[in-house]
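The block underneath contains the structure these notes are about, expressed in C-alpha cells.
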Amino acid sequence: MTFREDGYAAVDWAARYLERLDELPVLAQVEPGELSGRLPRAAPEQAEPFADVLRDLDELVLPALTNWQHPRFFAYFAITASEPGILAELLAAAMQQNAILWRASPASTELELRVVDWVRQLLGLPEGWHGHIEDTASVSTLAALIAARHLTGRNVVVCSEHAHSSVDKAARMLGMELRKQPVDDELRMSLDGLDLADAAAVVATVGTTSFASVDPVRALAEQARATGAWLHVDAAYAGSSWILEETRWSQDGVELADSLVVNPHKWLLVPIDCSLLWTSRPSDFRDAFTLVPEYLRAAEEVDSLADYGPALGRRFRSLKLWAVLRCYGAEGLRAIHREHMRLARLFADWVEADPDWELAAPLRFSLVVFRKKGSDDENEKILECANRSGEIFLSHTRLDGRYVLRLAIGNARTTEEDVRRAWEVLRT
Ligand SMILES: Cc1ncc(COP(=O)(O)O)c(C=O)c1O
C-alpha cells in the first residue's frame with residue numbers, strides 16, 4: 001500500500017467515525033485494564049501494514065474511546081474538533097515544521113502571529129498585545145506565572161477558591177506560595193480582605209471550571225496595579241464567547257491584564273491542543289524566557305516564539321486555527337456560540353420548571369449547574385446511571401459540600417433533540 005492509498009483509508013475511517021457517532025456510547029463502556037489486556041506487551045519485530053493499524057483501531061481502540069465528539073457529550077467542558085481542523089492537523093504532520101526559531105519555519109512563525117492576532121480582533125482585545133500559541137491553558141498559566149515572578153521577584157500567587165487546579169499545579173511546580181480567596185454569593189472571587197501587597201500575581205478567572213462564574217477582573221486589576229502584582233486572566237473556556245457582543249460584559253477589566261489565556265480547543269472548534277496566550281508586556285515575557293544557545297544563533301533579527309514560553313520545539317498549531325477561522329468565518333462561529341447558549345438556557349428553563357429539580361448556580365455561558373432536590377447519594381446515583389447508559393455523559397462538582405451536576409454544551413453537533421434526550425434520561 002502507498003501513502004496515498006493508506007491516507008484515503010485513514011480519511012475514510014475518520015469520516016465514518018464522525019458519521020456514526022450517534023450509534024456509539026458517549027462514555028467508554030470498558031473496565032480499567034481491558035484495553036491493556038488486549039495489547040501486545042512489546043512492539044512488533046516485523047513491519048506491519050497500515051491497514052492492520054486501522055483494523056485494530058476498530059477492534060481494540062474504538063470500544064475504549066470516550067467519544068468527545070459525540071453530540072451528547074456534556075461533561076467537563078464539551079469540545080469539538082471540526083473537520084477543517086482535523087484536516088489541518090494531518091497537513092501539519094506532513095510538513096513536520098518545528099518552529100524553534102524564525103528560520104526553522106518562517107511559515108509557522110508568521111502564520112501563528114497573524115492568526116492569533118485575528119482572534120485578538122474577533123474577541124475585541126486590545127490592539128498591540130502580543131499573542132502566541134501554547135499547547136494547553138495549564139502551560140499558558142505556568143508561563144504567565146514564570147513571567148510574573150521574574151518581573152516582581154515575589155513568590156506569592158493569589159486566586160479564588162474556584163480557580164482551575166492548573167493554577168495550584170503551576171504554583172507547586174514553581175515553589176510559589178498559593179493563597180486562595182473565598183467567593184461571594186455569585187461564586188466570584190471576593191474582594192473582602194484581599195491583600196496583594198506581596199503578591200507576584202493574581203489570577204482572575206472568567207468562566208470557572210465548576211460554575212463558569214466570572215471574577216471581578218476590573219477591581220482585581222486596580223488592586224494589582226496599586227501593588228505591582230501581575231494580573232493573569234484565565235478565560236480558557238469562556239474567552240472564546242467574546243466573539244459575541246452579548247457576552248462582552250464578562251470582559252470588563254480584561255484590557256488591564258498583563259496576560260490572558262483563551263483555549264480555542266475548548267470552544268472554538270479547534271482540535272486539542274491549542275491555547276492562546278496574550279501579553280500586554282511582551283518584553284517582560286521575553287526577559288523571562290529568552291535563552292539562545294550558540295547553535296540557535298541566526299543572522300535575522302526576528303523574534304522567535306520560543307522566547308515567550310517554556311518549550312523550544314513548536315508544532316505548526318496555527319494551521320488548524322487558520323483553517324477553522326477561514327472555513328467557518330466569524331459569522332459561522334458566532335452562530336454556534338449563540339446556539340450553545342440558547343440550548344443551555346432551554347435546559348435551565350426545564351430544570352427551573354420542574355418542582356423536583358433546581359438550578360444550583362446561576363446560568364453562565366453554556367454551562368448549567370443543577371441537581372435533583374434530594375440527597376447527594378441520589379444525585380450521584382442518577383449521574384452514574386445516566387453515564388453508564390452510554391446515551392449521555394455529564395460530570396459533577398461540589399458546591400458548599402453539596403453534590404451538583406453539570407451540563408456543559410460545547411459540541412458543534414449538539415442539537416435541541418440531544419439536550420431534550422439528556423433531560424429525559426436524567427429524569428427517568
Ligand atoms: C478555567 C480553566 N482553566 C484552565 C483549564 C486547563 O486547561 P488545559 O486542559 O488546556 O490545561 C481548564 C480546563 O478545563 C479550565 O476550565
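Quick look at the values:
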item: Residue pairs meeting the criteria (Cβ under 7 Å; at least 6 apart or on separate chains; first of a type in the set (D, E), in region 231-259; second away from the ligand (no atom under 16 Å from the Cβ) and open to solvent by 30 Å² or more (accessible area, probe 1.4 Å)); result: D252/R218; E255/P126; D258/S280; D258/R281
item: Search result, residues across region 63-79 that are open to solvent by less than 50 Å² (accessible area, probe 1.4 Å) and either part of a loop (DSSP other than H, G, I, E, B) or touching a residue at least 40 places away in the same chain (Cβ under 8 Å) (or both); result: T66, N67, Q69, H70, P71, R72, F73, F74, A75, F77, A78, I79
item: Verdict on S190 being within 26 Å of L269 (Cβ to Cβ), at pLDDT 95 or above and either within 16 Å of the ligand (Cβ to nearest atom) or in contact with a Pro (Cβ under 9 Å, 6 or more places away or on another chain) (or both); result: no
item: Yes/no for A311 being surrounded by fewer than 21 Cβ atoms within 10 Å (Cβ to Cβ), within 16 Å of the ligand (Cβ to nearest atom), in a loop (DSSP other than H, G, I, E, B) and small (G, A, S); result: yes
item: Close pairs (7 angstrom Cβ cut-off, 6 or more residues apart or separate chains): in a helix (DSSP H, G or I) in region 314-342, at pLDDT 95 or above and among the polar types (S, T, N, Q) anywhere; result: S318/S108; V324/S82; H337/S241; H340/S366; M341/S366
item: In region 11-41, the residues that are touching a residue at least 60 places away in the same chain (Cβ under 8 Å), in contact with a helix residue (DSSP H, G or I) (Cβ under 7 Å, 6 or more places away or on another chain) and in a helix (DSSP H, G or I); result: A14
item: Every residue from region 242-278 that is farther than 25 Å from L145 by Cα and away from the ligand (no atom under 13 Å from the Cβ); result: I243, L244, E245, E246, T247, R248, W249, L269
item: Close pairs from region 346-361: first farther than 18 Å from G374 by Cα, partner of a type in the set (F, W, Y) and surrounded by 14 or more Cβ atoms within 10 Å (Cβ to Cβ), Cβ under 7 Å, at least 6 apart; result: F347/W423
item: Qualifying positions in region 6-31 - over 26 Å from the mean Cα position of the chain (by Cα) and farther than 18 Å from D56 by Cα; result: E23, E31
item: Test for Y17: is it open to solvent by 80 Å² or more (accessible area, probe 1.4 Å), among the hydroxyl-bearing types (S, T, Y) and out of contact with any Ser or Thr (no Cβ under 6 Å at 6 or more places or on another chain); result: no
item: Hits in region 393-426 (condition: buried (at least 22 other Cβ atoms within 10 Å of the Cβ) and of a type in the set (S, T, Y)); result: T414
item: Options E83, E110: the member that is in contact (Cβ under 8 Å) with a residue 60 or more places away in the chain and charged (D, E, K, R); result: E83
item: Check on A75, of a type in the set (A, V, I, L, M, F, W, C), within 19 Å of the chain's Cα centre (by Cα) and either away from the ligand (no atom under 16 Å from the Cβ) or under 27 Å from D307 (Cβ atoms) (or both); result: no
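Each row is one residue, and each column tells you yes or no for (1) surrounded by 24 or more Cβ atoms within 10 Å (Cβ to Cβ); (2) more than 11 Å from the ligand (Cβ to nearest atom).
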{"site": "H162", "(1), (2)": "no, no"}
{"site": "V167", "(1), (2)": "yes, no"}
{"site": "G175", "(1), (2)": "no, yes"}
{"site": "V203", "(1), (2)": "yes, no"}
{"site": "T209", "(1), (2)": "no, no"}
{"site": "A229", "(1), (2)": "yes, yes"}
{"site": "A235", "(1), (2)": "yes, no"}
{"site": "S240", "(1), (2)": "yes, yes"}
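The values are calculated or read from the model by the stated rules, or taken from the named source; none is laboratory data. On a predicted model such as this, the values are computed, not experimentally measured, just so you know. Neighbour counts run over all protein chains shown; Cβ positions are idealised from the backbone, glycine included. To get the accessible areas, we keep the full protein, side chains included, count just its heavy atoms, and leave off ligands, DNA and RNA. Shrake-Rupley method; radii C 1.70, N 1.55, O 1.52, S 1.80 Å.
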